[in-house]
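Undergrad: This structure is in structure tokens; I'll ask about it shortly.
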Amino acid sequence: MNSLDLEVVNVLFFQQMIEAVEEEQWNSAAMALYKLYAIEEGERFNDLTNDLAEADGDWEATAA
């Protein structure tokens, strides 16, 4: 992942953590916080890198 991807992932995890705290879902908040710290320390998560690599270039709008 490049630095822009990391910033986007950090923002998404931070948003996930805030929403979990607001809803008092402490396990989800703790996991999001763990992932934020782990990413800052340089850990990479296969589920994130694989999903991003597969989705690269497949950005297409779909109706809900």
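Undergrad: For region 6-28, enumerate the residues that are β-branched (Val, Ile, Thr) and either touching an Asp or Glu at 6+ places or on another chain (Cβ under 9 Å) or without any contact (Cβ under 8 Å) to a residue 12 or more places away in the chain (or both).
TA: VAL8, VAL11, ILE18, VAL21
Undergrad: If you don't mind, there's one more thing I want to ask. Can you tell me which condition MET1 does not meet? The list is (1) open to solvent by 80 Å² or more (accessible area, probe 1.4 Å); (2) at pLDDT below 90; (3) hydrophobic (A, V, I, L, M, F, W, C), and all the others hold.
TA: Unmet for MET1, out of (1) open to solvent by 80 Å² or more (accessible area, probe 1.4 Å); (2) at pLDDT below 90; (3) hydrophobic (A, V, I, L, M, F, W, C): (1).
Undergrad: For region 26-64, give me each residue that is modelled with pLDDT of 90 or more and polar (S, T, N, Q).
TA: ASN27, SER28
Undergrad: Further question on the same structure: If you go through region 18-25 one residue at a time, do you hit one that is modelled with pLDDT under 90, in a helix (DSSP H, G or I) and open to solvent by less than 90 Å² (accessible area, probe 1.4 Å)?
TA: Within region 18-25, none of the residues are modelled with pLDDT under 90, in a helix (DSSP H, G or I) and open to solvent by less than 90 Å² (accessible area, probe 1.4 Å).
The values are calculated or read from the model by the stated rules, or taken from the named source; none is laboratory data. Model, not experiment: these values are computed from the prediction. Every residue, glycine among them, receives a Cβ derived from its backbone with ideal geometry; neighbour counts consider all protein chains shown. We work out accessible area using only protein heavy atoms, side chains counted, and drop any ligands, DNA or RNA first. Shrake-Rupley method; radii C 1.70, N 1.55, O 1.52, S 1.80 Å.
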